[in-house]
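Notes follow once the structure below has been shown.
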Amino acid sequence: MTAAPSRTWRVPPEADLRHRAWDGEDVFFHGGAGDTHRLSAAAAIILLRLSRAPADEATLADELARAAACDTDEAGDALAGILDELARLEYAEPAP
């Protein structure tokens, strides 16, 4: 059986994200919306990766698995919720 193709995600160009980390917390400012959010460590890993360049879900799951020292299936399950939340906040979106 062939795996389903994974979507590619990116940070929206209008987001103008800014990141600060201190005392183990990650805070992101969305310049386009003027919103600030404290994100989980896992969400920060994904968003920082997407800030460098768009990436597909398989790549993001691999990075999350390495960072969390878990298997890729477990990371993939968590990734779906993270991407849903980042999309809701308009911090990430599927790439066209």
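Of all residues in segment 19-47, those satisfying the criterion of being more than 22 Å from Ala80 (Cβ to Cβ) and not small (Gly, Ala, Ser) are His19, Arg20, Trp22, Asp23, Glu25, Val27, Phe29, Asp35, Thr36. A Cβ distance below 6 Å, combined with a sequence gap of six or more or placement on separate chains, defines the contacts here; from segment 20-31, residues that are within 12 Å of Ala42 (Cα to Cα) reach residues that are of a type in the set (A, V, I, L, M, F, W, C) and not in a strand (DSSP E or B) in the pairs Asp26/Ala44. With respect to the stated conditions, Leu89 is under 13 Å from the mean Cα position of the chain (by Cα), under 20 Å from His37 (Cα atoms) and surrounded by 13 or more Cβ atoms within 10 Å (Cβ to Cβ).
Among the residues making up segment 64-75, those that are surrounded by fewer than 18 Cβ atoms within 10 Å (Cβ to Cβ) and either modelled with pLDDT of 95 or more or not basic (Lys, Arg) (or both) are Ala67, Ala68, Ala69, Cys70, Asp71, Thr72, Asp73, Glu74. Among the residues of segment 47-86, those identified as hydrophobic (A, V, I, L, M, F, W, C), touching a strand residue (DSSP E or B) at 6+ places or on another chain (Cβ under 8 Å), assigned to a helix (DSSP H, G or I) and over 15 Å from Asp16 (Cα atoms) are Leu60, Leu83.
The values are calculated or read from the model by the stated rules, or taken from the named source; none is laboratory data. Quantities reported herein were computed from a predicted structural model and do not represent experimental measurements. No Cβ is skipped: glycine too gets one built from the backbone with ideal geometry, and neighbour counts run over all protein chains shown.
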